[in-house]
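Participant: Before I ask anything, let me first share the structure, which is written out below as structure tokens.
The values are calculated or read from the model by the stated rules, or taken from the named source; none is laboratory data. On a predicted model such as this, the values are computed, not experimentally measured, just so you know. Backbone-built Cβ (ideal geometry, glycine too); neighbour counts: all protein chains shown.
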């Protein structure tokens, strides 16, 4: 069908994974030694979001073998108990992720409506 559906599907998956990672960070705000984690969206979306490049020096011209792990430990300064979770930062990430998720759902809904409309036209 349309590659847009595949990209939006991957975007929604990435937003769902990030939501659970951020929720885990918030749940472990007071856990000694816990290190905050985050999701790298570029790695989650993979090659679907890569631009076509004509030169190896172009930005984003990485092979899929160079993909790093999707979930990374954040290297923020830690508190006295070696926990580096900052609640206000995590709430901001959750808000940003929610906006991204809602935008992807809206785009997907619009795309489906367009296909339905095209099918009905004779």
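Participant: Determine, yes or no, whether residue 39 is in contact with a strand residue (DSSP E or B) (Cβ under 8 Å, 6 or more places away or on another chain) and at pLDDT 90 or above. So that I can check it myself, show each step before the final result.
Facilitator: Numbers: in contact with a strand residue (DSSP E or B) (Cβ under 8 Å, 6 or more places away or on another chain): yes; at pLDDT 90 or above: no.
Considered against the rule, which asks whether it is in contact with a strand residue (DSSP E or B) (Cβ under 8 Å, 6 or more places away or on another chain) and at pLDDT 90 or above, residue 39 comes out as no.
Participant: Would you confirm, using the coordinates I've provided, whether residue 45 is within 22 Å of residue 92 (Cα to Cα), at pLDDT below 80 and in contact with a helix residue (DSSP H, G or I) (Cβ under 7 Å, 6 or more places away or on another chain)?
Facilitator: Numbers: within 22 Å of residue 92 (Cα to Cα): yes; at pLDDT below 80: yes; in contact with a helix residue (DSSP H, G or I) (Cβ under 7 Å, 6 or more places away or on another chain): yes.
So residue 45 fits the description; yes.
Participant: Ok, one more. Can you find a residue that is part of a helix (DSSP H, G or I) and modelled with pLDDT under 75 anywhere in segment 8-16?
Facilitator: no
Participant: When segment 17-36 is examined, which residues are found to be touching a strand residue (DSSP E or B) at 6+ places or on another chain (Cβ under 7 Å) and not in a helix (DSSP H, G or I)?
Facilitator: Matches in segment 17-36: 35 only.
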